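Every number in this text was worked out from the coordinates using simple rules, so none of it is lab data. The structure presented is a predicted model; accordingly, all values stated were derived computationally and were not measured. Every residue, glycine as well, gets a Cβ built from its backbone with ideal geometry; the counts of neighbours run over all protein chains shown.
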Amino acid sequence: MSEPMIKFDKVTKKFGDHVVLKELEFEVQPNEMVTIIGPSGSGKSTILRILMTLEPINGGVVYVDGEPLWHEERDGKFVPASEQHLRKMRSKLGMVFQQFNLFPHMTVRRNLTEAPIRVLGLSKKEAVERADELLEMVGLSDQADKFPAQLSGGQQQRVGIARALAMRPKILLFDEPTSALDPELVGEVLQVIRKLAEQHEFTMLLVTHEIPFARQVSDRVCFIDGGSIVEQGPPDEILTEPKEERTKEFLHAVLHPDE
Amino acid sequence: MLFGIEWNTASNLAFATSILPILLIGLITTLKATVVGFILAIVIGLVLAALKGAPLKVISYPAAFVIEFLRDTPLLIQLFFVFYVLPELTGIAIPAFVAGAVALGLQYSAYCAEVYRGGLEAVPWGQHEAIKALNLPSAYGFFHIILPQAIPRIIPALGNYLVSIMKDVPILSVVTVLEMMTIARIIGDRTYNYLVPLSMVGILYLILTLLASFLVRFIDMKLPKSGIPLK
């Protein structure tokens with residue numbers, strides 16, 4: 001088996017006294033598409049936020065692409081990572097946020113070119129070319145000169161995905177990408193995510209409540225509750241015939257909210 | 001007679017016309033005190049806001065205390081402190097105008113500091129996370145992503161304080177600064193006609209305030225803020 005792209009080795013995360021992740025063991029293989037489901041507060045978003053270095057960890061080691069994320073090795077010992085190391089590691093990851101977090105004072109095109117120019121050192125011409133290709137991919141070529149507020153939520157989230165892709169990450173993190181959208185706009189965003197999943201060029205980690213979608217696109221589904229993985233496996237197994245009682249209860253509550 | 005200009009008490013209108021040039025001399029002092037006070041306020045306020053936001057508690061706590069102290073004590077006391085107490089402690093006399101402008105600047109610096117902080121904090125936290133996720137350097141993110149979104153929130157509030165400072169200038173009369181209101185009172189004392197000079201000061205203030213508000217709104221409209229959701 002090849003080396004995992006993401007590995008959580010006994011990772012603990014606390015907010016004050018509240019333990020969000022309890023010695024979590026979790027692996028994602030290169031180009032694998034993993035969906036994380038679970039009740040709110042179960043720590044599923046925290047996993048993505050730790051990977052994007054938005055939340056530090058309290059114990060254990062996170063490996064990304066074979067290297068520790070929050071640590072650096074010095075004289076055979078792990079010491080807390082420097083900002084320089086974090087910057088290097090961050091370049092492997094891209095994140096799509098629930099609230100899009102586009103830069104509202106910049107046009108769609110500038111949202112996509114800003115970081116590639118400043119961080120990757122692309123020329124303006126190269127960055128614009130890349131941005132226009134990505135906008136075509138997400139079906140928004142005609143919106144490049146608009147400001148985010150002039151777009152619908154679904155369009156904004158597609159820009160969010162394009163912006164993450166513009167940095168050429170190896171790993172894409174989707175943090176409830178459709179939760180802030182009106183129901184009729186969810187489909188256009190899922191379609192883009194499906195396209196990316198089918199390309200198998202990225203390692204993808206998706207936190208979502210869209211169970212039917214997860215079944216179609218994921219290589220593996222993880223059900224997480226109370227800070228650890230309760231059950232994981234192929235989507236048909238986990239989502240159709242879960243073994244654990246907690247998984248059954250959760251799926252029933254999500255799929256039949258009126259019962 | 002004041003500043004070598006005689007007044008004519010034959011009728012209210014003649015009186016008003018004759019003292020207008022005298023009041024305008026006072027108005028210039030009022031404007032000078034406003035401008036100097038405002039500049040001090042926005043600069044000291046920026047320093048206070050930066051210190052209060054410092055990660056070290058040794059710095060941020062005293063800064064927070066200074067801001068709270070300046071906001072919660074009357075302007076008049078701060079003015080007396082600068083004008084009477086400070087020269088006693090330092091042995092250096094401070095001209096009334098300087099003391100007045102400094103007191104105005106100090107008091108309003110505390111308000112400005114809160115405006116800066118509020119403007120920056122009103123930018124959604126997700127913007128900071130997006131900066132990090134895209135690996136943009138934090139200084140670049142602050143000046144190109146956060147600040148442009150904070151400025152349209154900060155400018156109108158600062159403009160309101162400019163108007164407030166202008167309206168607080170008459171307090172400087174207690175330390176003998178010859179601003180518009182002081183002069184109106186002196187004219188009243190000498191002619192026993194307070195109605196005309198004080199009414200004129202009121203009207204002049206109204207005009208000034210309306211002009212300043214108009215200016216602030218104009219600047220606000222000219223600010224680039226495409227797409228920034230301002231609540």
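Calculated FRET efficiency, residue B:147 to residue B:60, Cβ-Cβ distance, R0 = 22 Å: about 0.60 to the nearest 0.05. Taking amide H atoms as placed 1.01 Å from N in the peptide plane, the amide H of residue A:96 lies under 5 Å from those of A:173, A:174, A:175, each 5 or more residues away in sequence or on another chain. Coupling constants for region B:159-170 follow from the phi torsions by the Karplus curve (6.51 cos²θ - 1.76 cosθ + 1.60, θ = phi - 60°), and in residue order they are x, 4, 6, 4, 5, 4, 4, 4, 6, 8, 4, x Hz; glycine and proline get x. Distances between placed amide hydrogens fall under 5 Å for residue A:55 paired with A:50, all partners being 5 or more residues away or on another chain.
Using a simple spin-label model with pseudo-atoms 7 Å out from Cα toward Cβ, residue A:74 and residue A:22 lie 3.4 nm apart.
With axes computed from alpha carbons, what is the tilt in degrees of helix B:180-191 against the longest principal axis of chain B, rounded to the nearest 10 within 0 to 90? The answer is roughly 10 degrees.
Evaluated with a Cβ-only charge set (Lys, Arg +1; Asp, Glu -1), chain A carries a dipole of roughly 1080 debye about its Cα centre, given to the nearest 20. For region B:78-160, the relative contact order works out to 27 percent when only alpha carbon pairs closer than 8 Å and six or more residues apart are counted. The mean number of Cβ atoms from other chains found within 10 Å of a Cβ in peptide B:131-143 is 6, as a whole number. The HN-Hα couplings worked out from phi for region B:196-211 by the Karplus form 6.51 cos²θ - 1.76 cosθ + 1.60 (θ = phi - 60°) are 5, x, 5, 4, 5, 4, x, 5, 4, 4, 4, 4, 4, 5, 4, 4 Hz, whole numbers, x standing for Gly and Pro. Let a ≥ b ≥ c be the square roots of the eigenvalues of the Cα gyration tensor of region A:81-225; is it rounded (a/c under 1.5), or, if not, prolate (a/b larger than b/c) or oblate? Verdict is oblate for region A:81-225.
Classify region B:9-222 as rounded, prolate or oblate from the Cα gyration tensor: take a ≥ b ≥ c as the square roots of its eigenvalues, call it rounded if a/c is under 1.5, otherwise prolate when a/b beats b/c and oblate if not. Taking the square roots of the gyration eigenvalues as a ≥ b ≥ c, region B:9-222 is oblate. Along region B:109-119 the Karplus relation, 6.51 cos²θ - 1.76 cosθ + 1.60 evaluated at θ = phi - 60°, assigns HN-Hα couplings of 4, 5, 5, 4, 4, 5, 5, 4, 4, x, x Hz to successive residues, with x for each Gly and Pro. Using a ≥ b ≥ c from the Cα gyration tensor of region A:1-108 (square roots of the eigenvalues), is it rounded, prolate or oblate, where a/c under 1.5 gives rounded and otherwise the larger of a/b and b/c decides, a/b for prolate? The shape class here is rounded.
What is the set of long-range amide H partners of residue A:229 at a cut-off below 5 Å, with H atoms built 1.01 Å from backbone N? So residue A:229 has HN proximity to A:25. Charging the Cβ of each Asp and Glu at -1 and of each Lys and Arg at +1, and nothing else, the dipole of region B:9-222 about its Cα centre rounds to 280 debye. Angle of helix B:12-52 to the longest C-alpha principal axis of chain B, folded into 0 to 90 degrees and rounded to 10: 20°.
At R0 = 60 Å, how high is the FRET efficiency between residue A:126 and residue B:207 if r is their beta carbon distance? Nearest 0.05 is fine. Write out the running numbers ahead of the final one.
Working: r = 56 Å, r/R0 = 0.94.
That gives a FRET efficiency of 0.60.
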